[in-house]
1. Within region 179-236, count every residue that is over 20 Å from residue 255 (Cβ atoms) and of a type in the set (Phe, Trp, Tyr).
2. Only one of 123, 85 is open to solvent by 40 Å² or more (accessible area, probe 1.4 Å), closer than 22 Å to residue 164 by Cα and hydroxyl-bearing (Ser, Thr, Tyr); which?
3. Among the residues of region 129-139, how many are open to solvent by 50 Å² or more (accessible area, probe 1.4 Å), in a loop (DSSP other than H, G, I, E, B) and not polar (S, T, N, Q)?
4. Looking only at region 205-226, count how many residues are under 9 Å from residue 16 (Cα atoms) and basic (Lys, Arg).
5. Here's a check for you: in region 93-123, which residue that is closer than 17 Å to residue 23 by Cα and assigned to a loop (DSSP other than H, G, I, E, B) is farthest from the chain's Cα centre (by Cα)?
6. If you go through region 184-195 one residue at a time, do you hit one that is open to solvent by 20 Å² or more (accessible area, probe 1.4 Å), at negative phi, in a loop (DSSP other than H, G, I, E, B) and not charged (D, E, K, R)?
7. Give region 8-30 a look and list any residue that's buried (at least 16 other Cβ atoms within 10 Å of the Cβ) and farther than 18 Å from residue 83 by Cα, or say none.
8. Restricting to region 32-68, and then to whatever is closer than 18 Å to residue 228 by Cα and among the aliphatic types (A, V, I, L, M), can you tell me which residue is farthest from the chain's Cα centre (by Cα)?
Amino acid sequence: MKTLRLRSVELGSGRPKVCVPLVAASVSALATTLTRLVPGDFDLVELRADFLLGSGDDPAVVREAIATVRKALTDAVPVLFTYRTAGEGGQQQIGAEAYLTVLEVALATGNIDAIDVEARSATADVNQILAEARSLQVPVVMSSHEFGGTPPMDELVARLRTQQELGADMVKVAVMASSARDVLTLLEATDEFVTRYAEVPVITMAMGPMGVISRLGGETFGSCLSFGSVGRASAPGQLEAGELRHILEVLHRSAVPHG
């Protein structure tokens with residue numbers, strides 16, 4: 001399996017990396033959140049543009065938000081750009097054309113290190129963004145989110161394989177867990193994909209209180225990244241970033257390599 005390097009961070013090797021979602025409702029609030037980041041508590045950040053209420057699809061606001069984030073971080077810290085649609089658990093309704101435009105605006109800034117593309121987007125749109133991202137050498141994290149429950153293991157593995165076959169540089173599946181069995185299904189799917197099919201790094205998680213263990217056990221099952229909050233969380237079950245980083249480091253020191 002290939003690893004993915006974003007600035008100083010290598011995804012797919014060693015300890016799962018900690019990503020802090022930036023979920024401010026305005027650019028000024030975003031700037032305040034950035035001052036609260038503690039160096040050493042995280043490895044990369046995710047700018048969730050859909051949280052910019054009423055303006056997350058405004059090209060000028062998108063550019064300003066990205067510039068604000070990049071300016072506040074050291075050169076070593078990568079920025080993942082995400083606009084999560086309402087159908088995938090995001091904050092705002094957005095049409096397919098507007099969603100595509102937001103991603104194109106973000107790519108054109110030259111100030112993001114990776115971009116999230118939802119796998120449920122129309123195939124033509126996915127291919128267009130993949131082509132534009134490749135031309136700009138911006139890696140694509142393809143994602144699928146299931147807030148209504150946890151699909152069967154075979155379906156989760158199929159989703160990850162489809163994302164990989166479409167050309168993603170990293171693949172991601174998140175599901176909502178309401179039982180221990182749901183969490184086991186997600187972890188089993190992760191192991192199955194990593195062991196048998198993975199050519200690129202993978203991110204998986206079970207959301208909600210039941211799924212917290214999946215955010216901690218990535219190194220055992222093959223998931224390379226976990227999301228930790230600073231202030232408001234972007235999804236149910238996220239731990240505080242510094243606490244998460246500490247736990248992942250403790251587990252890493254005693255971990256048996258996957259496979």
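The values are calculated or read from the model by the stated rules, or taken from the named source; none is laboratory data. Because the structure is predicted, anything quoted here is derived from the model rather than measured. Here the Cβ is made from the backbone with ideal geometry for all residues, glycine too, and neighbour counts use every protein chain on show. Heavy atoms of the whole protein, side chains included, go into the accessibility calculation; ligands, DNA and RNA do not. Shrake-Rupley method; radii C 1.70, N 1.55, O 1.52, S 1.80 Å.
1. 1
2. On the way: 85 fails: open to solvent by 40 Å² or more (accessible area, probe 1.4 Å).
Matching residue, one of 123, 85: 123.
3. Initial filter on region 129-139 (open to solvent by 50 Å² or more (accessible area, probe 1.4 Å)): 131-132, 134-137.
With the extra rule that they be in a loop (DSSP other than H, G, I, E, B), the set shrinks to 136-137.
Those still in the list that are not polar (S, T, N, Q) too: 136.
Here the count works out to 1.
4. 0
5. Step by step, filter region 93-123, then rank; the result is 93.
6. no
7. 9, 11, 12, 15, 16, 17, 18
8. Per the criteria, the residue is 38.
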